[in-house]
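Questions regarding the structure given below will be posed in turn.
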Amino acid sequence: MKRILYILAIALSIVACTDDIDKSNRFTFTGETVADYVLNRSDKYSHFIEILERAKLMTLLSTYGQHTLFLPTNEAIERFLIEQDSIYWATRNDDVPYETGITSPLLEELSDSMATVIAKTHIIDAKYTVADMGEGTLQRRNYNLRSLGINYKVVDERFYVMINNLSPIIGADNMVENGVVHVMGKVIPPTSRNLPGVISDYKYFSLFNAALVATGFQDSLLLDKDEKFVPINYNALGYGTAASMPSKDVETKFFKYTGFIEPDEVFNEYGIYTLDDLKAFAEKWYGTKEKGNYEHPDNALYKFVAYHFVEREIAYNDIIFHNFKYTNKYWVMEVTSSEDVMVQGYDRTDYFESMLGPLMKVTKPLSTTQGADIFINYSKREIPFNPELRHHVNVRIIPPTEFTTMKEEYANFNHVTLNGIINPIDRILIYNEDEMVGNILNERMRFDIATLLPELSCNKLRYYEPIDGYGYIVPLDYCKDVTYNVQRPLVYLPGVVGYFGDMICVPSNMDLSIRLPNVPARTYELRISLYGTGLVQPYIDGKITGIPIEFYTDPEKTGYEADEKTEDGGAENDKLMRNRGWMKLPDTYNIGNEVARNSDVRVRRILTKKYFGAGDHWLRLKCVSDGHFEADIDFIEFVPLNIISDPNKPEDRH
């Protein structure tokens, strides 16, 4: 019943958010700025005015641009200071005091530095109405460079959008000339606890936390801001105009993590009540190597824990490319959302490397009745390759709002931490090589190029357009899985007409290597979607692979013929193109107003058929032509040979 109420709440969210707010807080385009809105209502917001002025941020809110201000009332600030002061005094003698930065309930005794932290927590340099707030996190971080979580709550039959599940919006969408103001019923506390700390705080994750501590794996989840990163003004160096497009320099670098965590009640369903029970369960699936040596990477419990984490920040609304919105201030070919890019009715799947190493597959099965949900290691087989795994595939990721309504003790759950995200799951997640090879990953695996660069997700770049440019110039030392033989940075382009709505633009004289994903060991056909000018020589693991490829393709070269111009819908033409080493693009996304498959110049190139064993593998792309070269890399594909080896059952076009 709670899940039904949750789904209804999401469906009605936009209506509820506009119906239930305090109408006296509305203001619509009368020439006020965000700063004016606050100053003109000093009777309600004098405390936050003082905080803004002490933080020297009031001027920012009066300037040109777009801002979102989450504006706490005087009562909210008074309550916050009392609560934080109480926490300080209650824990100051503990072995690990809970640091709040606030040691007095009086505003006049708040330090200027803490006033700045509080002020920056409530400001974002983009405009977000409640209709823009999808469940998960906001696209942009606040001025403290912290993500703000979004979930929904019904209290006394009133619907609220919650920030970090702590602070309700009680007066939404007060539109002003340079942004929007949302009145808050509570102050948004600055995020101060890292991912392992938050997992330990929630007692309903106690079993997983015990395993996390026993393995010492929490020490692998502590990084946050890279203080050694020095931003470079590539625009000033002439690198910001790839394809004549202004792009934005990346200014910060963060390390982030996401954990997919079972609450205790999930373990209990499988007879697991103690850490010893969990150790025995892990040994059943991961073996007894290094038994008892829980901090060793080959230990079963260590492997179990490591497979639950990825090195990227992926809140619920970032897991799958779905319902993203774009502004497209620069693009000529208008793309307003992810749903303009992707063809409706097809499953959407991505693949993330776990911190154990092997992949986890995430799927939104839009072709089925389960399309409202997102699953890890989704299987369409009624009975898995190994029947014992039937309760460990199709692991559903529980949305934050739903999780907070499942049990009373979950009501305080906030999925956003200082350096990552917690996504609760409804089954015990394990990795089994035989099941992955024989079932879960026995498919054409299409990797969006941004998937291979987790730093884009860690730093809120993937999918999200910059305010003042086409894309982001990715510094040379930014991504650990890219090496450069020619020192020219990549440009990441979101909001475009590629697969999953993005591409990597490679400037002239390309010579770079990208580490390929950690696919299960077997023989694959490797393909790439790359569009550009000039000749490119591919290498796999340092060895030349085939002849140089002319990527500025034309139908005469590839053999392309439009499906509608053939008698068999393009079946024979597909074979002809394959014989020449080319394939049409999939029919699951669009390029402009056409399905990508209908493009006669953007196609896939078959690079090789090769056995990929365990360990790292690298794809090098080197420009070998004279003159100007520029290319857009869209995706790569690993295809097990059994998918393409049966002439009576050709590979689908999706």
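Can you tell me how many residues in the stretch 391-417 are over 18 Å from residue 198 (Cα atoms) and in contact with a strand residue (DSSP E or B) (Cβ under 6 Å, 6 or more places away or on another chain)?
Residues meeting the conditions: 4.
In addition: Please work out which residue is farthest from residue 300 (Cα to Cα), limiting yourself to the stretch 408-429 and to residues that are touching a Lys or Arg at 6+ places or on another chain (Cβ under 9 Å) and surrounded by fewer than 23 Cβ atoms within 10 Å (Cβ to Cβ). Please lay out each step first, then the result.
Within the stretch 408-429, the subset touching a Lys or Arg at 6+ places or on another chain (Cβ under 9 Å) is 409, 411, 416-421, 425-427.
Cutting the leftovers down to surrounded by fewer than 23 Cβ atoms within 10 Å (Cβ to Cβ) gives us 409, 411, 418, 425-427.
Details: 409: 30, 411: 33, 418: 29, 425: 20, 426: 21, 427: 18 Å.
Checked the stretch 408-429; the qualifying residue farthest from residue 300 (Cα to Cα) is 411.
Residue-wise test of (1) in contact with a helix residue (DSSP H, G or I) (Cβ under 7 Å, 6 or more places away or on another chain); (2) not in a helix (DSSP H, G or I).
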site: 285; (1), (2): no, no
site: 289; (1), (2): no, yes
site: 292; (1), (2): no, yes
site: 296; (1), (2): yes, yes
site: 305; (1), (2): yes, no
site: 317; (1), (2): no, no
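Output the residues belonging to the stretch 202-237 that are outside any helix (DSSP H, G or I) and either closer than 20 Å to residue 268 by Cα or of a type in the set (Val, Ile, Thr) (or both). It would help to see each step written out before you state the result.
Going through the stretch 202-237, the residues outside any helix (DSSP H, G or I) turn out to be 202, 216, 221-237.
Once the filter is applied, which keeps residues that are outside any helix (DSSP H, G or I) and either closer than 20 Å to residue 268 by Cα or of a type in the set (Val, Ile, Thr) (or both), the stretch 202-237 yields 202, 230, 232.
Additional query: Could you grab the pairs with beta carbons closer than 8 Å, sequence gap of 6+ or different chains, first residue in the stretch 443-471 and without any contact (Cβ under 8 Å) to a residue 60 or more places away in the chain, second one assigned to a helix (DSSP H, G or I) and of a type outside the set (A, V, I, L, M)?
Note: pairs meeting the criteria are 450/457; 450/500.
Considering only residues that are assigned to a strand (DSSP E or B) and either among the aromatic types (Phe, Trp, Tyr) or under 22 Å from residue 438 (Cβ atoms) (or both), which ones fall in the stretch 609-639?
609, 610, 611, 612, 618, 635, 637, 638, 639, listed by residue number.
Now for a separate question. Please verify whether the stretch 184-201 includes one or more residues that are touching a residue at least 24 places away in the same chain (Cβ under 8 Å), open to solvent by 30 Å² or more (accessible area, probe 1.4 Å), of a type in the set (Val, Ile, Thr) and in a strand (DSSP E or B).
no
Among all residue pairs at least 6 apart or on different chains, which show Cβ distances below 9 Å where the first residue, located in the stretch 569-596, is on the phi > 0 side of the Ramachandran plot and the second is in a helix (DSSP H, G or I) and loosely packed, with under 13 Cβ neighbours inside 10 Å?
Close Cβ pairs satisfying both conditions: 570/564.
Select from the stretch 583-641 the residues that are open to solvent by less than 50 Å² (accessible area, probe 1.4 Å) and of a type in the set (D, E, K, R) and list them in ascending order.
If the condition is that a residue be open to solvent by less than 50 Å² (accessible area, probe 1.4 Å) and of a type in the set (D, E, K, R), then 584, 587, 597, 604, 605, 630, 632, 634, 637 are the ones that fit.
Among the numbered criteria (1) open to solvent by 60 Å² or more (accessible area, probe 1.4 Å); (2) within 25 Å of residue 432 (Cα to Cα); (3) without any contact (Cβ under 8 Å) to a residue 12 or more places away in the chain, which single criterion is violated by residue 295?
The one condition residue 295 does not meet is (3).
Of a type in the set (A, V, I, L, M, F, W, C), modelled with pLDDT of 95 or more and either surrounded by fewer than 18 Cβ atoms within 10 Å (Cβ to Cβ) or over 26 Å from residue 263 (Cα atoms) (or both): is that true of residue 148 in this structure? Break it down into steps so the answer makes sense when it comes.
On the way: of a type in the set (A, V, I, L, M, F, W, C): yes; modelled with pLDDT of 95 or more: yes; either surrounded by fewer than 18 Cβ atoms within 10 Å (Cβ to Cβ) or over 26 Å from residue 263 (Cα atoms) (or both): no.
Spelling it out, it is not the case that residue 148 is of a type in the set (A, V, I, L, M, F, W, C), modelled with pLDDT of 95 or more and either surrounded by fewer than 18 Cβ atoms within 10 Å (Cβ to Cβ) or over 26 Å from residue 263 (Cα atoms) (or both).
Mind checking whether some residue in the stretch 437-457 is modelled with pLDDT of 90 or more, surrounded by fewer than 18 Cβ atoms within 10 Å (Cβ to Cβ) and outside any loop (DSSP other than H, G, I, E, B)?
Yes, the stretch 437-457 contains at least one residue that is modelled with pLDDT of 90 or more, surrounded by fewer than 18 Cβ atoms within 10 Å (Cβ to Cβ) and outside any loop (DSSP other than H, G, I, E, B).
On the basis of being crowded, with 20+ Cβ neighbours inside 10 Å and either at pLDDT 95 or above or farther than 18 Å from residue 187 by Cβ (or both), does residue 39 make the cut? Lay out the reasoning, then the answer.
Values: crowded, with 20+ Cβ neighbours inside 10 Å: no; either at pLDDT 95 or above or farther than 18 Å from residue 187 by Cβ (or both): yes.
So residue 39 does not fit the description; no.
Give the stretch 586-617 a look and list any residue that's closer than 27 Å to residue 543 by Cα and either touching a helix residue (DSSP H, G or I) at 6+ places or on another chain (Cβ under 8 Å) or of a type in the set (A, V, I, L, M) (or both), or say none. Spell out the reasoning first.
At the first step, the residues of the stretch 586-617 found to be closer than 27 Å to residue 543 by Cα are 602-617.
Matches in the stretch 586-617: 602, 603, 606, 607, 609, 614.
The values are calculated or read from the model by the stated rules, or taken from the named source; none is laboratory data. Predicted model only: the values in this text are computed from it and were never measured. Please note: Cβ atoms are built from the backbone with ideal geometry, for glycine as well, and neighbour counts cover all protein chains shown. Only protein heavy atoms, including side chains, enter the accessible area calculation; ligands, DNA and RNA are left aside. Shrake-Rupley method; radii C 1.70, N 1.55, O 1.52, S 1.80 Å.
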